[in-house]
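Worksheet: the structure to be examined is printed underneath.
The values are calculated or read from the model by the stated rules, or taken from the named source; none is laboratory data. Worth saying up front: this structure is predicted, and the values here are computed from it rather than measured. Quick reminder, even Gly has a Cβ in these numbers, built from the backbone with ideal geometry, and neighbours come from all protein chains shown.
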């Protein structure tokens, strides 16, 4: 998919969205599955892969590590050599944070990894201390030098008890993928519980790993000598499903979301119901209907199963045009509120104080040129543009492409006036 860094979306506001969408595999899962394929020699197959830019970047990264990657439709096959290379260079890693996920598998399988400090979205520092500390407790020597995380375990890793200070998804993933080949038993306490992490655990179990407690705060991993390739269907993307749910609520629309897993989004769907939406289950997903202006609702983001930080731009966007006053608190990433400055260019009445955004809803926003700073902020601005009077341009379309396949086309199919230029 060609996406130029100069592309932007042009949106004419005032359209009600109605119809059906299908949600593909989760970006936050598939990239981690691709990285974890390094753990076994031979061909692993990953299905239900979304058509997004980040999948291409991860494919390039794995190719440089010596794998051969083929992409056919929504299926990616990764053929892993007996001796993968161990250095992930900055020019690829800087484009995508998920590159750090090759760290655990490489240390476990090759005994050494050098991974450039990652780039990706401008939403906060997200330091790698938890990853490094955890690998050290498994017996690796790890440090940062010349902009690279270098981790070595020439004699292999040894199981241990790890307690995370914060349920970091990335750290839980890296430690889990390292521990599957360690000697003995590893327990990870205060582990992340996200559906994407559970999906990765199930992929590893498919490769022959022994893992208990997925989806709970304590994961127990019994190391095995070696793993084998597997064939896996990626879990559907709850953040994209959530985006469409908010799109329905904001535009007073009616959208059926095929592939949306309501059981992965209970807190979010409860919040939408409080705002006045009608949420119903369907055979393969759920439907969100809104017949009037949303009611303002207070939200605080928290690690799963709490309200996802990735959905923050959408709840702020909805509250900006809702009836009433609301407070939205961000507890996960410190720079998520960069999005708010752009939303205020559309006329939103928001005051930010530290981790809190205080929002006074107004009936309609007004179109203006704005810029996406990360994937979710970009999609959030596009939704805000749909409820703005006149035209809005959203620069930085490439951010949105990293997380949303065919976003403009899907919006048009639901009745929006969106073009890409």
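For segment 1-47, a residue qualifies if it is within 27 Å of residue 289 (Cβ to Cβ) and part of a loop (DSSP other than H, G, I, E, B), and the qualifying residues are 13, 14, 15, 16, 17, 23, 24, 26. Might you check whether a residue that is without any contact (Cβ under 8 Å) to a residue 40 or more places away in the chain and either under 21 Å from residue 307 (Cα atoms) or not assigned by TED's automatic domain parsing to the domain that holds residue 79 (or both) occurs anywhere in segment 228-248? No, segment 228-248 contains no residue that is without any contact (Cβ under 8 Å) to a residue 40 or more places away in the chain and either under 21 Å from residue 307 (Cα atoms) or not assigned by TED's automatic domain parsing to the domain that holds residue 79 (or both).
All of 382, 328, 332, 370 fail the test of being within 30 Å of residue 217 (Cβ to Cβ), crowded, with 24+ Cβ neighbours inside 10 Å and touching a strand residue (DSSP E or B) at 6+ places or on another chain (Cβ under 6 Å), apart from 328. Sub-6 Å Cβ pairs linking a first residue in segment 78-98 that is over 21 Å from residue 46 (Cβ atoms) to a second residue that is modelled with pLDDT of 95 or more and assigned to a helix (DSSP H, G or I), at least 6 apart or interchain, are 86/106; 86/110, ordered by first then second residue.
Out of the residues in segment 222-233 meeting the condition of being within 24 Å of the chain's Cα centre (by Cα) and surrounded by 20 or more Cβ atoms within 10 Å (Cβ to Cβ), tell me which one is nearest to residue 67 (Cα to Cα). Among those that are within 24 Å of the chain's Cα centre (by Cα) and surrounded by 20 or more Cβ atoms within 10 Å (Cβ to Cβ), it is 230. Within segment 138-160, restricting attention to residues that are surrounded by fewer than 17 Cβ atoms within 10 Å (Cβ to Cβ) and under 27 Å from the mean Cα position of the chain (by Cα), the residue that is nearest to residue 225 (Cα to Cα) is 143.
Comparison of 348, 296, 275 shows that the only residue that is closer than 17 Å to residue 385 by Cβ and touching a strand residue (DSSP E or B) at 6+ places or on another chain (Cβ under 7 Å) is 348. Counting only strands (runs of 3 or more DSSP E) wholly contained in segment 97-210, the ones carrying 2 or more residues that are within 23 Å of residue 55 (Cβ to Cβ) occupy 112-116.
Of all the residues in segment 108-131, those that are modelled with pLDDT of 65 or more, surrounded by fewer than 18 Cβ atoms within 10 Å (Cβ to Cβ) and more than 24 Å from residue 221 (Cα to Cα) number 2.
Which of the residues spanning segment 250-259 are under 30 Å from residue 389 (Cβ atoms), assigned to a loop (DSSP other than H, G, I, E, B) and in contact with a strand residue (DSSP E or B) (Cβ under 6 Å, 6 or more places away or on another chain)? Selection gives 253 alone. Against the test of being assigned by TED's automatic domain parsing to the domain that holds residue 45, touching a helix residue (DSSP H, G or I) at 6+ places or on another chain (Cβ under 6 Å) and free of Cβ contacts under 8 Å to residues at least 40 places away in the same chain, the options 205, 162 yield a single qualifying residue, 162.
Screening residue 22 on (1) modelled with pLDDT under 95; (2) more than 21 Å from residue 97 (Cα to Cα) shows it passes everything except condition (1). May I ask you to verify whether residue 394 is at pLDDT 95 or above, farther than 17 Å from residue 244 by Cα and crowded, with 24+ Cβ neighbours inside 10 Å? Yes, satisfied. A single entry from 38, 65, 85 fulfils the requirement of being under 22 Å from the mean Cα position of the chain (by Cα) and either more than 23 Å from residue 403 (Cβ to Cβ) or crowded, with 19+ Cβ neighbours inside 10 Å (or both): 38.
Identification of strands (runs of 3 or more DSSP E) wholly contained in segment 264-354 with 1 or more residues that are outside the structural domain of residue 198 (by TED's automatic domain parsing) and closer than 16 Å to residue 246 by Cβ yields 278-282, 285-289, 325-329.
Residue 353 meets all of the listed conditions (1) in contact with a strand residue (DSSP E or B) (Cβ under 9 Å, 6 or more places away or on another chain); (2) farther than 25 Å from residue 293 by Cβ but one, namely (1).
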